[in-house]
Amino acid sequence: MSATDLPLVASLTLSTLLIGIVIGFIGAGGAGVVVALLTSVYHLPIHQAIGTALATMCFVTLAGSFSHLREGNVAPKVGLVVGVAGAVGAVAGARLSLDVPAARLQLLAGLGLWGLAALVWVRTRLAPSLARESAWSGEEPRPPRDWAASVGLGVSGGAAAAFLGVGMAPFIQLGYLAVLRLPLRQTVGTTMLTLVFISATGSLALAQAGSVSAPHLVGATLGLASGAFLGARFTRRAPRDLLRGAVVLVPFLAGAMLLFL
């Protein structure tokens, strides 16, 4: 990155600061929104946009994971199994995406974001009935089928995230809630840990192919991290219906940007 990149970094920082406020407000990961912004506004090729967005998500989720670990909101064993499986899936998904023509990949990413919006809608309806708010006293022994489900959850979520450049948090959260029966707080924190593995390995695989842009990464990371910190402070004060609408609308609009801009 050179001095000539500074205007781009500053512009992207300001743009993603606003997006980060929205993302922090609704509690989303933001990779898909970053992909839409980089391709539609900054005209970055879709493969580079996906790699850069995954790298950005790595930094954001890493910071969030440390916070959740300190608060005891992570189930470490499950998180590591799903995370390592997600890393394997992410490498496979990233390599597969490199062979897909840019126009087709952008179409698939847009449709993936619309699918994610639908999944978020399902999560907002099912999470209250699935969530257990019992006191967390640590992880209990699990039968072999739970570990098999953990591997399947990680591989499928990681592959989709790295292939399309979208954060698969709603999919992984539903798996933790419905299949692995984690309490809600541990579901949120463990998902954050899982996304560290997925975003790190996916972005590294794409970086090896030259599909990560350093100046775009710096600007997006600075803006998203700062904005998410500010936006999270407003979440508790927002009406629940407003939050439910926002978490569905944001990925839907990002998908529309990829499909029509």
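A few remarks follow.
- In the range 147-191, of all residues being modelled with pLDDT of 95 or more and out of contact with any helix residue (DSSP H, G or I) (no Cβ under 7 Å at 6 or more places or on another chain), the one that is surrounded by the most Cβ atoms within 10 Å (Cβ to Cβ) corresponds to G152.
- Residue in the range 37-44 that is at pLDDT below 90, hydroxyl-bearing (S, T, Y) and either under 29 Å from L261 (Cβ atoms) or within 14 Å of the chain's Cα centre (by Cα) (or both) present: no
- Qualifying position, being more than 16 Å from A160 (Cα to Cα), part of a helix (DSSP H, G or I) and not charged (D, E, K, R), among H47, H43, H68: H68
- When the range 12-36 is limited to residues that are of a type in the set (V, I, T) and either at pLDDT 85 or above or not in a helix (DSSP H, G or I) (or both), the one that is surrounded by the most Cβ atoms within 10 Å (Cβ to Cβ) turns out to be V34.
- Flag for R125 being within 30 Å of F260 (Cβ to Cβ) and of a type in the set (K, R): yes
- Selection of the range 132-186 for residues being aromatic (F, W, Y) and either within 30 Å of L105 (Cβ to Cβ) or assigned to a helix (DSSP H, G or I) (or both) yields W147, F163, F171, Y176.
- Within the range 75-114, the set of residues being farther than 23 Å from A36 by Cα and charged (D, E, K, R) comprises K77 only.
- Residue among A109, A117, A207, A102 that is farther than 29 Å from R70 by Cβ, surrounded by fewer than 15 Cβ atoms within 10 Å (Cβ to Cβ), modelled with pLDDT of 85 or more and small (G, A, S): A102
Every residue, every condition in (1) over 16 Å from the mean Cα position of the chain (by Cα); (2) closer than 17 Å to G189 by Cα; (3) touching a residue at least 40 places away in the same chain (Cβ under 8 Å), yes or no:
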{"position": "V78", "(1), (2), (3)": "yes, yes, yes"}
{"position": "A90", "(1), (2), (3)": "no, no, yes"}
{"position": "R95", "(1), (2), (3)": "yes, no, yes"}
{"position": "D99", "(1), (2), (3)": "yes, no, no"}
{"position": "R104", "(1), (2), (3)": "yes, no, no"}
{"position": "A109", "(1), (2), (3)": "no, no, yes"}
{"position": "A117", "(1), (2), (3)": "no, no, yes"}
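The values are calculated or read from the model by the stated rules, or taken from the named source; none is laboratory data. Quantities reported herein were computed from a predicted structural model and do not represent experimental measurements. Backbone-built Cβ (ideal geometry, glycine too); neighbour counts: all protein chains shown.
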